[in-house]
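Here the structure is laid out as structure tokens; the discussion comes afterwards.
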Amino acid sequence: MKVNSIPYRSIWRDDQTIKIIDQTRLPHEFSIVSLESVNDTYHAIHSMQVRGAPLIGATAAYGICLALKHQCDEASLNSAIDYLSSARPTAINLQWALKRMHNRLTANKKIYLTAAFQEADTICNEDISQNKKIGKFGYSYLKHISQKKSGNTVNVLTHCNAGWLATVDWGTALAPIYYAFNEGIDIHVWVDETRPRNQGAALTAWELQNHGVPCTVIVDNAGGHLMQNKLVDVCIVGTDRTVANGDVCNKIGTYLKALAAHDNNIPFLVALPSSTYDNNLQHGRDVPIENRDPHEVSNIRGVTTDNTWSETRIVTNKTQIANPAFDITPAKLITNYITDNGILKSDQLFRLSQVQE
Ligand code: MRU
């Protein structure tokens, strides 16, 4: 997608150096960071310079290449896999990408660096083509709503950031929105700010604005009220891991939006590529939920009126804080899954392909 009219991916490679957009600086600063080593890669994932399930996977795949650049053998491959797999626990794409790199690189007797870079490039290219398919399938859904509304504005509510910044390009939940906007559908997006890290306010709104899609940031608690007042036609969210029974793990607060949508008869859609489907787990309750630093809740970071970074503590320094980063939305609250394999029901998710053990 474009930033100031220049097309970007969220991650790309300049020969054997990996480039990322530092998402901790957005929306105030567009800053590009180079990853030169597996340590840089771990840091980028762990500190959330890159985040979002598919992008975490793509970054980890390149992290393997950077490890092999220094020592290209199986011991180095295995230790990089162990190290990177501990960078974040919830999004399955991390384990998915590492498993895929392992399978590809150990298929031959010798480990080749060129094969590693090729596989990581392929993971990125496949992510983009899957997201484009999600965009196209989701567009047909949005077009139908638009037709039912005689061409009046289609209001979509989304949570967190599942746009191009969370993937390699296009996004998952936002891909249908970009597609519909490009096709001339009158569309508007309610963007949940998504406390505590504000991925909605900082990233989703920035992305949509850059593409010219009308959007409005709301506090996380506003969604139910908007739904009761018929100001939301459909909710579309991404996912960090969707398990065999169709339960969806996504950013904390997703579950409450799904409950409100159910109570108000509003379709609740989850967009996901095959890489986010984990058929090894049966129930959402089995997904490891990341508990994040209390500092994210106690302190708010932004820029002052003169555009310098600043941080403010909003509670006393004795206040006890809990910060679970994800929650589980049960399959029964999900109307449909927009996938690269079409628009599916929970009992059709097995159609999504998996990396072989
Ligand atoms: O903690 P984050 O920012 O990595 O969480 C991201 C999300 O929850 C996204 O909604 C999810 O990864 C879907 S990304 C296409």
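Just to confirm a number: summing +1 for Lys and Arg and -1 for Asp and Glu over residues other than residue 295 whose beta-carbon lies under 14 angstrom from that of residue 295, what do you get?
Net of charged neighbours comes to +2.
What's the Cα-based Rg to Rh of the chain, Rh via Kirkwood? Could the numbers behind the result be given before it?
Working: Rg = 19.7 Å, Rh = 20.6 Å.
We get a ratio of 0.96 for the chain.
Could you state the per residue volume, in Å³, of the convex hull enclosing the Cα atoms of the stretch 60-125?
67 Å³
Would you mind computing Rg(Cα) / (2.2 N^0.38 Å) for the stretch 136-244, counting N as its residues?
1.00
Fewest first, what order do 337, 139 take by the number of other Cβ atoms within 10 Å?
On the way: 337 26, 139 22.
In increasing order of surrounding Cβ atoms, one gets 139, 337.
For the ranges 305-316, 239-250, 180-191, what's the packing order if you count other beta-carbon atoms within 10 Å of each residue, average per peptide, and put the highest first? Present the calculation step by step, with values, prior to reporting the outcome.
Working: 305-316: 8.8, 239-250: 26.0, 180-191: 18.7.
The densest-packed peptide leads the list: 239-250, 180-191, 305-316.
Counting other C-beta atoms within 10 Å, which of 69, 2 has the fewest, and how do the rest follow?
Fewest-to-most Cβ neighbours within 10 Å comes out as 2, 69.
Taking K and R as +1 and D and E as -1, what net charge do the other residues with C-beta under 12 Å from the C-beta of residue 74 add up to?
Combined, the nearby Lys, Arg, Asp and Glu give +1.
Which of the peptides 285-296, 93-104 is most tightly packed, and how do the rest follow, going by the mean number of other Cβ atoms within 10 Å of each residue?
93-104, 285-296
Any idea what the alpha-carbon Rg over 2.2 N^0.38 Å comes to for the stretch 283-357?
1.76
Antiparallel DSSP bridges in the stretch 134-356: what percent, to the nearest 5?
45 percent
Given contacts defined as C-alpha pairs under 8 Å and at least six residues apart, what's the relative contact order of the chain, whole-number percent?
Relative contact order of the chain: 16 percent.
The numbers here are math on the coordinates, done by the rules we state, and not lab data. What you are looking at is a predicted structure, and each value in this text was computed from that prediction instead of being measured. Here the Cβ is made from the backbone with ideal geometry for all residues, glycine too, and neighbour counts use every protein chain on show.
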